[in-house]
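S.K.: Structure provided below as structure tokens; questions to follow.
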């Protein structure tokens, strides 16, 4: 078993509602997951498996924004519930944050990401599963997590502008 991350596109009204009823967030998202498995797959944005923390580390290292907005891609998104568990509790981002993240993601190239790979630094920062990955053997796999995220950000920006 490993820790995974899945992004869903939902309206701000649902985020506002779940923020007022944080104890319902887990149940609601679980139902959303079941609902999306059917004909509504276009509402599911993106899923990451156990390489999510390596992707988050590399994105953070490439983040040139003053507020370091890319930390919110996974780790620093808002919890619905105060005191929620770090890895298993649902989180959210508001539209303005998603737009800022998408703009920052569009600035990042694969060469920049590659230059930021530092196995020892990742070990020191306790990046999840980093002891199982190497740049030589797993770079393509890691990029399979990052490149679609960047591509989806462009799609999401288009959606948010309409």
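S.K.: Just to be sure I understand, how many residues within segment 55-96 are part of a helix (DSSP H, G or I), crowded, with 17+ Cβ neighbours inside 10 Å and modelled with pLDDT of 85 or more? If you could, list the steps in order and put the result at the bottom.
M.R.: The initial filter retains those residues of segment 55-96 that are part of a helix (DSSP H, G or I), namely 55-62, 69-73, 95-96.
Narrowing further to those that are crowded, with 17+ Cβ neighbours inside 10 Å: 55-62, 69-70, 72-73.
From what's left, modelled with pLDDT of 85 or more: 55-62, 69-70.
Going through segment 55-96 one residue at a time, the tally reaches 10.
S.K.: Can you tell which of 36, 15 is touching a strand residue (DSSP E or B) at 6+ places or on another chain (Cβ under 7 Å), at pLDDT 75 or above and either surrounded by fewer than 14 Cβ atoms within 10 Å (Cβ to Cβ) or on the phi < 0 side of the Ramachandran plot (or both)? Walk me through it before giving the result.
M.R.: Numbers: 36 fails: at pLDDT 75 or above.
Sole residue among the options that is touching a strand residue (DSSP E or B) at 6+ places or on another chain (Cβ under 7 Å), at pLDDT 75 or above and either surrounded by fewer than 14 Cβ atoms within 10 Å (Cβ to Cβ) or on the phi < 0 side of the Ramachandran plot (or both): 15.
S.K.: If you don't mind, there's one more thing I want to ask. Restricting attention to segment 97-132, report how many residues are at positive phi and at pLDDT 90 or above. Can you show your working first?
M.R.: Step one: of segment 97-132, the residues at positive phi are 126, 129.
Subsequent filtering for residues that are at pLDDT 90 or above retains 126.
Selection size over segment 97-132: 1.
S.K.: Which of (1) surrounded by fewer than 20 Cβ atoms within 10 Å (Cβ to Cβ); (2) within 30 Å of residue 17 (Cβ to Cβ) is the odd one out, the single condition residue 124 does not satisfy?
M.R.: It fails just one condition, (2).
The values are calculated or read from the model by the stated rules, or taken from the named source; none is laboratory data. On a predicted model such as this, the values are computed, not experimentally measured, just so you know. Note: ideal-geometry Cβ built from the backbone for every residue, glycine included; neighbour counts use all protein chains shown.
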